[in-house]
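Notes for the one structure printed next.
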Amino acid sequence: MSYSRRKRFNGNPGDTILFSLFGESKRHLRVVVTPPDGDPPQVVVVGFTTKRRLSDTTVVLSSRHHPFFDRETVANYAYASIHSVEGLMQRIEDGVAEAHEPFREDDLKLIQQGILQSRRTPRDIQRYCRKMLRQ
């Protein structure tokens with residue numbers, strides 16, 4: 001399956017960005033799951049990790065869902081976090097992050113549903129997402 005969407009980041013749901021957290025050396029793909037809200041605008045971001053034996057398997061993805069994935073991958077809801085759109089864009093401008101292809105709408109919906117269903121999603125993030133995603 002061909003995936004032809006261009007790399008870009010505007011801070012909208014489905015936009016993706018590669019960056020590290022917690023002093024990691026490896027960059028992981030992260031996706032914006034909520035529309036920007038507030039002043040300054042903030043969004044919830046979910047990362048991904050390779051599927052392992054004890055992984056949260058609420059949402060399992062593969063290369064058919066996004067070109068970045070080369071093996072079974074899971075949404076890592078335990079580390080979902082809120083970021084300012086400006087801060088994420090600044091990371092790209094500073095070269096410590098990189099925009100990547102956005103998720104297609106149907107795949108984004110899976111990820112959004114999963115953040116509400118996963119028992120590992122922090123409660124405050126789940127409440128915020130329930131409000132922002134109107135579910």
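Every read-out reported here was derived from the displayed coordinates using simple, explicitly stated rules and does not represent laboratory data. Given the structure is predicted, the values throughout are model-derived calculations rather than measurements. Here the Cβ positions follow ideal geometry from the backbone for every residue, glycine too, while neighbour counts run over all protein chains shown.
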>> Under a crude label model (7 Å from the Cα following the beta-carbon direction), how far is residue 117 from residue 71 in nanometres?
In response: 2.4 nm
> At 222 nm, what helix-only mean residue ellipticity would the chain give, in deg cm²/dmol to the nearest 500, using -39500 (n - 2.57) for each DSSP H run of four or more?
Replying inline: -7500 deg cm²/dmol
> Just for the Cα atoms in the chain, what are the lengths along the principal axes, largest first, rounded to whole Å?
Replying inline: 38, 32, 30
> Taking neighbour counts of Cβ atoms within 10 Å as a proxy for exposure, in what order, fewest first, do 53, 30, 64 appear?
Replying inline: 53, 64, 30
>> Step by step: find N for the stretch 39-104, compute 2.2 N^0.38 Å, then divide the Cα radius of gyration by it. What's the final number?
In response: 1.25
> What residues have an amide H closer than 5 Å to that of residue 42, excluding those fewer than 5 places away on the same chain, when H is modeled at 1.01 Å from N in the peptide plane?
Replying inline: 37, 85
>> Cut-off under 22 Å on the C-alpha distance; same-chain residues fewer than 8 positions from residue 131 excluded. Which lysines are left, in chain and number order?
In response: 109
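Pick out, in residue order, every one of the chymotrypsin sites (Phe, Trp or Tyr not before Pro) in the stretch 17-89 that is DSSP loop and has at most 14 other C-beta atoms within 10 Å; say none if there are none.
Those that pass, being in a loop and sparsely packed, are 22.
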> Based on the Cβ-Cβ distance of residue 64 and residue 86, what FRET efficiency does E = 1/(1 + (r/R0)^6) give at R0 = 22 Å, to the nearest 0.05?
Replying inline: 0.10
>> In the stretch 16-133, if the dipole is taken from +1 on Lys/Arg beta carbons and -1 on Asp/Glu beta carbons about the Cα centre, which of 96, 108, 42 is farthest to the positive end?
In response: 108
> How large is the charge dipole for the chain, taken about the Cα centre, if only the Cβ atoms of Lys, Arg (+1) and Asp, Glu (-1) carry charge, to the nearest 20 debye?
Replying inline: 560 debye
> What nm value, rounded to one decimal, do you get for the distance between residue 127 and residue 12 when each label is placed 7 Å out toward the C-beta?
Replying inline: 3.0 nm
> With the chain treated as a Gaussian network of Cα nodes joined by springs under 10 Å, which of 122, 102, 40 yields the largest mean-square fluctuation?
Replying inline: 40
